[in-house]
1. Using 0.36 nm times the number of residues separating E84 and R130, minus their current alpha carbon distance, what extension gain do you get?
2. Counting only protein chains, not ligands or nucleic acids, how are K53, K34 ordered by accessible area (probe 1.4 Å), most first?
3. Please compute the net charge surrounding T76, taking Lys and Arg as +1 and Asp and Glu as -1 over other residues with Cβ under 15 Å from its Cβ.
Amino acid sequence: MRVTGFISILTAAVLTASCMAMQYEPTMDNVAPKPAIVGNVTDTSGVAIEHIKVTLDWNDGAFSETQYTNSDGVFTAEIWENVEKAVRSLTVTLEDIDGEENGGTFESLSETFTVFEENSATVLDFRLNRATASESSPQS
């Protein structure tokens, strides 16, 4: 009788614990994907450039972050959302920080955009020119 009572209590405890654990699990159905900026960086021939420093400045510097392109020449960042939901300007600055590594030396580029869509991915494509000899030589 004691064993049956113990088994009943143990079973009830396991069921209660498993039900409680299920209550606290987040459901992925209710989680909306965060809007993102996806950038593709290539040379003028369309070859992906790895390890380009990407600086993203939102609303004239209200929020800034730095990313780097991966081996496919891609960077990704969440779209920054300010409290006032004011128009979001985005300045993207691309810099070759590794010199001749990863395909050569490339000119820096800076572009400013206005981001309108809030619930989707915004894809930006950049093509960088090779730096000339005078641009890649150190200044004295």
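The values are calculated or read from the model by the stated rules, or taken from the named source; none is laboratory data. Bear in mind the structure is a predicted one, so any value in this text is a computation, not a measurement. Quick reminder, even Gly has a Cβ in these numbers, built from the backbone with ideal geometry, and neighbours come from all protein chains shown. We work out accessible area using only protein heavy atoms, side chains counted, and drop any ligands, DNA or RNA first. Shrake-Rupley method; radii C 1.70, N 1.55, O 1.52, S 1.80 Å.
1. Details: separation 46, 0.36 × 46 = 16.56 nm, distance 4.03 nm.
In short, 12.5 nm is gained.
2. Numbers: K53 60, K34 140 Å².
These residues rank, largest area first, as K34, K53.
3. Values: positive: K34, K53; negative: E50, E65, D72, E78, D125.
With Lys, Arg at +1 and Asp, Glu at -1, the neighbours total -3.
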